[in-house]
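The values are calculated or read from the model by the stated rules, or taken from the named source; none is laboratory data. Note that the structure is a prediction, hence the values are computed from the model and not measured. Cβ atoms come from the backbone with ideal geometry, glycine included; neighbour counts cover every protein chain shown.
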Amino acid sequence: MLRVAVCVSGGGTNLQAIIDAVQNGVITNTEIVGVFSNNPNAYALERAKSAGIQAVSCSPKEYATRDEFNKAFLNQMDAWNPDLIVLAGFLVIIPPALIKKYENKIINIHPSLIPSFCGTGFYGLKVHEEALKRGVKVTGATVHFVDEGTDTGRIINQKAVYIEEGDTPEVLQRRVMEQAEWVILPKAINDIANHII
Ligand code: GAR
C-alpha cells in the first residue's frame, strides 16, 4: 500500500477527487494517511474528517520563526511516514530539507500547461487571469515532481483544456479542474502506487 500524505490550503476539491478515486477504485494500493493544512479554516480539513482521515492544521502564524514552522511541517510528514506527499492546492514554499528528504516523493498539481503560466506568483485564479489576458486558446493542468525550484520539477502528466469565448477566470478555473486536474492527479497517484511510473 502506498502511504499518501496530502497538503492543502483551501477548498480541497483536488483532495476530494483523490478521496473519491480511492473509494471507487480508480486509485488502488493506496491509503491516505493524513491531510496537512497551513490554513486552519481550509474547507479541505472538513473533507478529510468526513472521510475519516486524520487532518492536521499548522499555521506559520503559530510559530515565532519560519524555521520553526518548517520543522513542525517536516516532523508531521515524518510522523505519517508517507511514501508520497501530494501538494493539492498547497500555497506554501516547501522547505529545502523536506524536498531533500523526500526526493522524487513529492508531486504537485498546477493549473496550467507548464512551462506556461507557472513559477513565482502563479497560483490559483491568477493563472487563469493571465491566460485570458494573453488570449491563449488552450490551457490545462500539469502534475509534476517537486524539486527546489517553483514548478520546475519533472513532468508526470498534462491535460489540455480549451478556452471558450466569454470565459471568466472563475469559469475557466472550474473547467480546468473538472476536465484536467481531477483526472490527472488521481491517475498520477495510481500510476505511482502501481509502479507504472
Ligand atoms: C487548484 O486549481 C490547484 O491546481 C491550484 O490551486 C487550486 C486548489 O484548489 N494550485 C496552484 O495554483 C499551485 N501553484 P482545491 O483546493 O479546490 O484543490
One residue from Glu165, Glu130 being in a helix (DSSP H, G or I) and more than 11 Å from the ligand (Cβ to nearest atom): Glu130
How many residues are closer than 21 Å to Ile196 by Cα, among the hydroxyl-bearing types (Ser, Thr, Tyr) and buried (at least 18 other Cβ atoms within 10 Å of the Cβ) when one looks only at region 11-54? 1
Sort out for me the strands (runs of 3 or more DSSP E) sitting completely within region 1-114 that have 3 or more residues that are modelled with pLDDT of 95 or more and away from the ligand (no atom under 16 Å from the Cβ). 30-37
With the structure loaded, tell me whether Val171 is buried (at least 22 other Cβ atoms within 10 Å of the Cβ) and either part of a loop (DSSP other than H, G, I, E, B) or within 14 Å of the ligand (Cβ to nearest atom) (or both) or whether it fails that test. no
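Per-residue answers, yes or no, for (1) without any contact (Cβ under 8 Å) to a residue 12 or more places away in the chain; (2) over 27 Å from Arg175 (Cβ atoms); (3) hydrophobic (A, V, I, L, M, F, W, C); (4) touching a Pro at 6+ places or on another chain (Cβ under 9 Å):
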site	(1), (2), (3), (4)
Arg3	no, yes, no, yes
Val56	no, yes, yes, no
Asp67	yes, yes, no, yes
Ala88	no, no, yes, no
Ala97	no, yes, yes, no
Odd one out for Lys187, checked against (1) surrounded by 15 or more Cβ atoms within 10 Å (Cβ to Cβ); (2) charged (D, E, K, R); (3) within 14 Å of the ligand (Cβ to nearest atom): (3)
